[in-house]
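Peer 1: Input: one structure, supplied below.
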Amino acid sequence: MSSPLIVTIDGPAGVGKSTMAKRLARALSIPYLDTGAMFRSLARRLGEDAWTRGEAYLEAGLTGVRFSLSGIGEASVLSLDGVAIGDEIRTEQVGMWASNIATSPAVRAGLKAAQQALGRECSLVAEGRDMGTVVFPEASRKFFLDATADERARRRFLQLQELGKPADLDELREQIAARDHQDRNRAVAPLKPADDAVIIDTTSLSLDEVFQALVRGVRG
Ligand code: DC
């Protein structure tokens with residue numbers, strides 16, 4: 001049996017990784033793995049101040065946690081202990097909690113093992129912060145999407161407006177900058193492009209242009 005195809009997409013908050021990963025996964029007829037959703041759902045389960053309670057507490061919180069993945073492309077469903085993870089994790093507050101627990105070596109080790117186990121079971125488009133550098137160093141194709149913090153805040157703002165949710169552009173810019181700082185500067189598996197990643201600056205590209213660049217990169 002041939003080994004699973006792994007394509008990684010890393011990048012900072014709000015750059016459009018999920019949108020692109022879902023679309024690319026559909027084109028390749030494989031599941032997409034949102035590893036941010038793993039950190040977010042775990043952070044939500046452990047509670048707001050979990051990250052201040054020390055490594056032993058976080059390690060205990062990981063015991064028995066099981067992630068599973070089904071479906072293809074946009075229809076991929078990631079579950080935590082058999083329950084599909086939904087929109088309850090999609091707030092900037094939970095994003096920050098996730099970024100906080102993501103500084104913990106115990107949490108990173110636990111989720112890395114879970115991510116690698118999923119990658120042994122099936123082909124994946126895996127998106128996150130350390131997919132190409134740490135979790136899937138042998139991936140067939142690696143991408144790093146980037147955009148200025150201003151542009152990412154603007155995209156988030158428009159997204160929230162479309163959903164009819166309250167949004168404050170200045171606040172979003174600050175939240176994104178704080179999360180960027182923590183994700184790029186943590187000691188374990190910081191956000192950075194893998195040496196062999198294709199880096200795409202999406203600041204002035206349309207969704208279709210980014211997608212075409214990914215398709216070219218996968219075929220190339
Ligand atoms: O991609 P996201 O916004 O859903 O991720 C939420 C947080 O989870 C992010 O700020 C840092 C952490 N994260 C991580 O450290 N490593 C990953 N592979 C994915 C997410």
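Read-outs: derived from the displayed coordinates by stated rules, not from any lab. As the structure is a prediction and not an experimental result, all values here were calculated from the model. Glycine gets a Cβ as well: all are built from the backbone with ideal geometry, and neighbour counts include every protein chain shown.
Peer 1: Step through the residues of region 110-123 one at a time and calculate ³J(HN,Hα) from phi using the Karplus curve (6.51 cos²θ - 1.76 cosθ + 1.60, θ = phi - 60°), rounding each to whole Hz and writing x for Gly and Pro.
Peer 2: x, 6, 4, 4, 5, 5, 5, 5, 5, x, 7, 7, 7, 5
Peer 1: Find the relative contact order for the chain and round it to a whole percent, using C-alpha pairs within less than 8 Å whose residues are 6+ positions apart.
Peer 2: The normalised contact order for the chain reaches 32 percent.
Peer 1: A further question follows. Quick one: if you take sqrt(5λ) for each eigenvalue of the C-alpha gyration tensor of region 39-108, what semi-axes come out, biggest first, whole angstrom?
Peer 2: Working from the Cα gyration tensor, I get semi-axes of 22, 14, 9 Å.
Peer 1: Could you give the Stokes-Einstein D for region 1-143 in µm² per second, using the C-alpha Kirkwood radius, 4 °C, 1.567 mPa s?
Peer 2: 85 µm²/s
Peer 1: May I ask for the distance between the Cα centers of region 3-63 and region 166-220, given as a whole number of Å?
Peer 2: 15 Å
Peer 1: May I pose another question? Show the residues, 5+ positions off or on another chain, whose built amide H is closer than 5 Å to the amide H of LEU33.
Peer 2: Long-range HN contacts for LEU33: VAL125, ALA126, GLU127.
Peer 1: Let me ask another. Can you compute 3J(HN,Hα) from phi for each residue in region 64-70, using the Karplus curve 6.51 cos²θ - 1.76 cosθ + 1.60 with θ = phi - 60°, rounded to whole Hz and x for Gly and Pro?
Peer 2: In residue order, the calculated couplings are x, 5, 10, 9, 9, 9, 9 Hz.
Peer 1: Tell me the Kirkwood radius of region 88-220: reciprocal of the mean inverse pair distance over distinct alpha-carbon atoms, in Å.
Peer 2: Taking every pair of different Cα atoms in region 88-220, averaging 1/r and inverting gives 16.4 Å.
Peer 1: Using amide H atoms built in the peptide plane, which far-off residues or other-chain residues are under 5 Å from PHE144 H to H?
Peer 2: Those lying under 5 Å, H to H, from PHE144 are ASP10, VAL198, ILE199, ILE200.
Peer 1: Scan region 117-157 for chymotrypsin sites (Phe, Trp or Tyr not before Pro) in coil per DSSP, keeping those whose Cβ has at most 16 other Cβ atoms within 10 Å, and list them by number.
Peer 2: Loop-located and lightly packed - none at all.
Peer 1: Residue-wise, which Karplus ³J(HN,Hα) couplings in Hz belong to region 24-35, taking 6.51 cos²θ - 1.76 cosθ + 1.60, θ = phi - 60°, and x for glycine or proline?
Peer 2: Whole-Hz 3J(HN,Hα) from phi for region 24-35: 5, 4, 5, 4, 8, 6, 9, x, 10, 10, 8, 6.
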